[in-house]
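Structure record follows, encoded as C-alpha cells.
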Amino acid sequence: MVPMDPHTSLPAEMLHHRVADLPAGVPIALPLTPASTFALPGTTDAPFTYGRAGTPTWSALEQALGLLEQAETVVVPSGMAAISAVLLTHLTSGDRVLLPCDGYYATRSLAERFLVPAGIEVVLRPTAEYAEQDLTGVALVLLETPSNPGLDLCDIAEVSARAHSAGALVVVDNTTLTPFGQRPLDLGADVVVASDTKAPNGHSDALLGHVASRRPAVLERVREWRTLAGGIPGQLETWLVHRGLETLELRVDRMCTSAQVLAERLTEHPAVQSVVHPGLADHPQRELAARQMARAGSLIGITLADEDAAERFLAAARLVVPATSFGGVHTSGERRARWGDAVPGGFVRLSVGCEPTEALWQDLDAALRAQS
Ligand SMILES: *Cc1c(COP(=O)(O)O)cnc(C)c1O
C-alpha cells in the first residue's frame, strides 16, 4: 500500500489542535458544554448565539476533523444526515443523480422515497462500472469505494475528472476507510461525506457524521441546511466523537494490519470458500487499491459453505460480536444476506476490531474448524 507521507503529521496536529496555548489550570480534555443559549450583552456579534446555529463542542470537532480532511468540515447528527444534507441541498426537480446500486442501502432508500417523488432522476450503477458510465446530463455523482459489503472499487480521480467535464459535483462516501485510509479530496472529489458512527467514534456508543469540502459554497449550503432543517448533533455525541478521534490513527492501524493478516490466512483456510479484501493479491482491482488507498480497510468478506455454516461460525466465534455496523473496537460480523444484500447465504462480513491479531486468528480458526 502507498505510504501516507504527506500526511504523517496530521494525527499529531489533530491531537494538539486545542491544547497548544492553554492557560494554567485549564483542563487538557475538551470540556463538555451543554448550552442552548449564550450571553449576548448589547450585541448579536458573538462566536456562539443559539445552539441550533453553533456550539463550542461542534467547533472543536469540526476543527479536529477539518485537520484530518484538510478541508472545512461541518458536523451533522449521523452519516445519513451528511448524505441527505448534500443531496437535498444540491439537487432539484429535473436533475439526474448517479448512485451506487451496491453501496449503503439507506442512501438508495432515501433516493427512492424522497428524491424520485421530488422529480429527480436516480440512476443506479455498480461501483466497479462507474468509470465506464456515461455522465452526460448528470448533476451529482455519489460514489462509495470500497463498496459495502462487496468491497469493489472505482477510480476516484478518473470518475472525478469525467464528472467535472460533464459539470457534475462529485461526492464520496468515505466511511469505510476514513481519511487515514483514503483521501478523496486530494484525488479530485468535491465533497466527502462520512459516518463518524463507525471508526472515528469507534466505541459503539454514539451516532454522528460530517461533510467536508474545499468548496466554501457547498459547506455554506450544508451549514444553512443544518440550522434551518433543525437536525443537529447532540453535545455528548459530539464530545464522544472528539475523544474517539484522538485514537483513530492507532485504531485504524491495528484494525487494518490485523485485517490484512487475517484475510491472507483465511484465504488458505479449508472451511472458507472465498475471501474478499482490497489488500489481497487476488482482488480484481488490486492495482487501483495500491494506487488510491493508503490502507486496505478493516472489512473482510468471507463466504462459507451455506447459511447454516455461517451462522454456526458466528455462534462459535467468541471474539466476534454478532452485530451490524463496523469500525468499532470489538470485532463484529454478520451474514449480510439477512438484510437482503445481493450476496450468497454463507457470506459473512467481518469488521476487524482492535483485539490482538493472534488472539483473533486463534478464535476465528477454532470457530471455523468447529463448523467444518
Ligand atoms: C453506516 C454508514 C452510513 C450511515 O451512517 P449513520 O451514521 O448510521 O447514519 C453511510 N454510509 C456508509 C458507507 C455507512 O457504512
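The values are calculated or read from the model by the stated rules, or taken from the named source; none is laboratory data. It should be emphasised that the depicted structure is a prediction, and the values quoted were computed from it without experimental measurement. No Cβ is skipped: glycine too gets one built from the backbone with ideal geometry, and neighbour counts run over all protein chains shown. With ligands, DNA and RNA removed, areas are computed over all heavy atoms of the protein, side chains included. Shrake-Rupley method; radii C 1.70, N 1.55, O 1.52, S 1.80 Å.
A few remarks follow.
- Leading residue at positive end of dipole, segment 176-247 (Cβ point charges), from G181, A212, V241: A212
- Candidates T43, T227, T33, ranked by Gaussian network fluctuation over the chain, Cα under 10 Å, top entry: T43
- Taking every DSSP helix (H) stretch of at least 4 residues in the chain, weighting each as -39,500 (n - 2.57) and dividing the sum by the residue count yields a mean residue ellipticity at 222 nm of -10500 deg cm²/dmol.
- Between V211, V122, V193, the residue with the greatest mean-square fluctuation in the GNM of the chain (Cα pairs under 10 Å linked by springs) is V122.
- When +1 charges are put on Lys and Arg Cβ atoms and -1 charges on Asp and Glu Cβ atoms, the dipole computed for the chain relative to its Cα centre reaches about 580 debye.
- Once Rg and the Kirkwood radius are both taken over the C-alpha atoms of segment 86-229, their ratio Rg/Rh works out to 0.94.
- Rel. contact order, % - alpha carbon contacts under 8 angstrom, at least six apart, segment 113-159: 36 percent
- Segment 264-372: GluC sites (Glu not before Pro) in DSSP loop, at most 15 other beta carbons within 10 Å: E268
- Sulfur and carbon atoms: percent of accessible area, segment 256-372 [1.4 Å]: 53 percent
- Volume per residue of the C-alpha convex hull in segment 67-171, rounded to whole Å³: 109 Å³
- For segment 1-114, with all protein chains in place and a probe radius of 1.4 Å, 57% of the accessible heavy-atom surface sits on carbon or sulfur.
- Fraction of accessible area attributable to carbon and sulfur, segment 181-229 (%, probe 1.4 Å): 58 percent
- Here, segment 147-241 is characterised by an Rg to Rh ratio of 1.00, where Rg is the alpha-carbon radius of gyration and Rh the Kirkwood radius.
- Under 17 Å from the E13 label point (7 Å along Cα→beta-carbon), backbone N, segment 64-82: 64-74
- Computing Rg and the Kirkwood Rh from the Cα coordinates of the chain gives a ratio, Rg/Rh, of 0.98.
- Summing charges over all other residues whose Cβ lies under 10 Å from the Cβ of P179, with Lys and Arg as +1 and Asp and Glu as -1, gives -2.
- Taking 7 Å steps out from each Cα toward its Cβ at H330 and R108 produces label points 2.9 nm apart.
- For M80, solvent-accessible area (1.4 Å; no DNA, RNA or ligand), Å²: 50 Å²
- Heavy atoms of the protein chains alone define the surface here; on that basis the chain has 43 Å² accessible area per residue at 1.4 Å probe size.
- Computed over segment 1-104, the range of Cα coordinates on each principal axis works out to 54, 45, 20 Å, biggest value leading.
- Of the residues H7, H283, the one with the largest accessible area comes first in the ranking H7, H283, computed with a 1.4 Å probe on protein heavy atoms.
- Cα pair distances in segment 206-313, grouped into 10 Å bins until the bin that holds the longest one, percent each: 12, 26, 26, 24, 12, 1
- Bridge type composition, the chain - antiparallel percent by DSSP, nearest 5: 60 percent
- Net charge of neighbours whose Cβ lies under 11 Å from the Cβ of S351, counting Lys and Arg as +1 and Asp and Glu as -1: +1
- Each listed q (0.19, 0.25, 0.26, 0.31 Å⁻¹) maps to a log10 I(q)/I(0) for segment 137-186, found by the Debye formula over equal Cα scatterers with no solvent: -0.61, -0.95, -1.01, -1.22.
- Distant-in-sequence amide H partners of D155 (H built 1.01 Å from N, under 5 Å): A131
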